[in-house]
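Peer 1: Submitted below is the structure of interest, expressed as structure tokens.
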Amino acid sequence: MSVKVEKTENTNEVKLSFEIEAEKFDEAMKKVYLKTAKYFNVPGFRKGKAPMQMVEKQYGASIFYEDTFNELVPEIYDEAIKANNVEAVSRPQIDIQQMEKGKNLIFTAIVQVIPEVKLGKYKGIELNKIEYNVSDEDIEHELGHMQEKNSRIVTVEDRPVEPKDITVIDFEGFVDGKAFDGGKAEKHELEIGSNTFIPGFEDQIIGMRIEEEKDINVKFPEEYFSKDLAGKDATFKVKLHEIKKKELPNLDDEFAKDVSEFDTLKELEASIKERLEKDNAQKAKYETEEAAIKAVCDKSKVEIPSGMVDMEVDHMIQDINQRLSYQGLKLEQYLKMIGKTEEEVRKEYEPQAIEAIKSRLTLEAVRKAEKIEATDEEINAKLEEMAKNYGKKVEEINDNENLKDYIKEGIESEKAIDFIVKNAKIK
């Protein structure tokens, strides 16, 4: 077998020319025959028992060619890619010049490869200092959440509905005098001010009294997910059954004892402040790193192959599909709801994909330029942490080379980011 690798006239693209001995091709064709013989009917023979030459005579010798190519070539292609250090980032475009029994198999594979990054300035880049301080309002906001979480619901009977009340209502919606699907419910709980209903609906509940009935007129938003209702005027017949409200606990030492391990409200506030400061520090660190990566990417040049972008978008679509599956939805249903095709969504994700790829490639270039590497100790520590998180023993995941490579790359990327930030000029 011979393999020749050469660059094409296109940037970041190589062509691999293969010639595989006739003996290998014929041997692979026999394997294909043995796997598929049971599917062939040849007069004079029981189904699946006809000799190979009789099947070829009946159907033509080329009947096995495509399956033989698929049987033989993938492994040979992968070995050639590794042996010639070709870092492929796209599926190969195959062009078969000769494929015939008793003759050498000759074909070419054109594939896009990882592009070279021309690093710009990455040491001494200028960054604005990012800092978030914890205010008294932030602490009060957190305490308010804790109050809400520990509130109790009480029934109100002596007044009409007010903002923030929880109402229990029956409703039925009509468009052009006709009821529409999904527009009816009984004993539905609706918190006034939650903005979970069509704009304007909740405001018109305010002032209603128990057992009162009312027609509420609203207009569906133009971007409403149901095209049949989008932008249309609607009338909802509403009956109010109950009014409830949240009763918040007092903010005092007793509250602190009830909701935390602290004895006083002052201690609880100090704990909240400390947690918020840690969160803010982490947020500032993340945003500084993002700004640093962007600054280095902006100063670097790289031509990203289309195949690389396609594969990145593929991963993004797979992530969307997975998240939708948790909600019991399929991608096709989601696309119908938002009124877009998969191709349109893919196009929208392309800029994000390009940005992600450029960030990865640029960080990799910095790692190489500064000879940044992950130590065995760092990799093993990450493996131990991962094993602990997944409730496994280190030995169970220690032999997974792909996992090790993934961890190694992650550590080295983090080190590269740290290097850029530490060498930056923070204003």
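Peer 1: Percent of accessible area on the chain owned by carbon and sulfur, 1.4 Å probe?
Peer 2: Working: 12720 of 27820 Å².
So the carbon and sulfur contribution to the accessible surface is 46 percent.
Peer 1: Hey, of (1) 5, 18, 30, 27, 11, 4, 2, 1, 0, 0; (2) 4, 11, 14, 19, 19, 14, 11, 7, 3, 0; (3) 4, 19, 28, 22, 11, 5, 3, 3, 2, 1, 0, 0, which did the structure itself give for P(r) over Cα pairs in 10 Å bins from 0, in percent when calculated?
Peer 2: Recomputing P(r) over Cα pairs in 10 Å bins from 0, in percent here gives the entry labelled (2).
Peer 1: Now for a separate question. Of the DSSP beta bridges with both residues in the chain, give the percent that are antiparallel, rounding to the nearest 5. Kindly include the intermediate steps, with their values, before the conclusion.
Peer 2: On the way: 50 of 52 bridges.
Counting DSSP beta bridges with both partners in the chain, the antiparallel share is about 95 percent.
Peer 1: Could you tell me the distance between the Cα centroids of the range 269-338 and the range 388-408, to the nearest Å?
Peer 2: Measuring centre to centre over Cα atoms gives 24 Å.
Peer 1: Helix 376-389: angle to the longest alpha-carbon principal axis of the chain, degrees 0 to 90, nearest 10?
Peer 2: For helix 376-389, the angle is close to 60 degrees.
Peer 1: Going by average Cβ density within 10 Å per residue, which order do the peptides 219-228, 347-356 take, highest to lowest? The partial results should precede the final answer.
Peer 2: Values: 219-228: 12.1, 347-356: 14.6.
The most tightly packed comes first, giving 347-356, 219-228.
Peer 1: Give the cross-link partners of LYS340 among the lysines, using a straight C-alpha distance below 19 Å as the criterion and excluding same-chain residues fewer than 8 apart.
Peer 2: List returned: LYS227, LYS330.
Peer 1: Each residue of the range 10-27 in turn: what ³J(HN,Hα) in whole Hz from Karplus with 6.51, -1.76, 1.60 and θ = phi - 60°, glycine and Pro shown as x?
Peer 2: Per residue, the Karplus-derived 3J(HN,Hα) values read 8, 5, 6, 9, 10, 10, 9, 9, 10, 9, 10, 4, 4, 4, 5, 5, 5, 5 Hz.
Peer 1: Follow-up. Beyond 29 Å between alpha-carbons counts as too far, so tell me which of LYS283/LYS358; LYS347/LYS368; LYS283/LYS415; LYS299/LYS388 fall in that bin. Don't jump to the answer; show the numbers that get you there.
Peer 2: Details: LYS283/LYS358 23 Å; LYS347/LYS368 32 Å; LYS283/LYS415 18 Å; LYS299/LYS388 40 Å.
Among LYS283/LYS358; LYS347/LYS368; LYS283/LYS415; LYS299/LYS388, the Cα-Cα distance tops 29 Å for LYS347/LYS368; LYS299/LYS388.
Peer 1: Let me ask something else. For the range 1-76, compute the number of Lys pairs whose alpha carbons are separated by less than 29 Å, excluding pairs fewer than 8 positions apart on the same chain.
Peer 2: 28
The values are calculated or read from the model by the stated rules, or taken from the named source; none is laboratory data. Predicted, not measured: the structure shown is a model, and the values here were computed from it. Because the Cβ atoms are built from the backbone with ideal geometry, glycine has one as well, and the counts that use them run over all protein chains shown. Heads up: the accessible areas ignore ligands, DNA and RNA and are worked out on the full protein's heavy atoms, side chains in. Shrake-Rupley method; radii C 1.70, N 1.55, O 1.52, S 1.80 Å.
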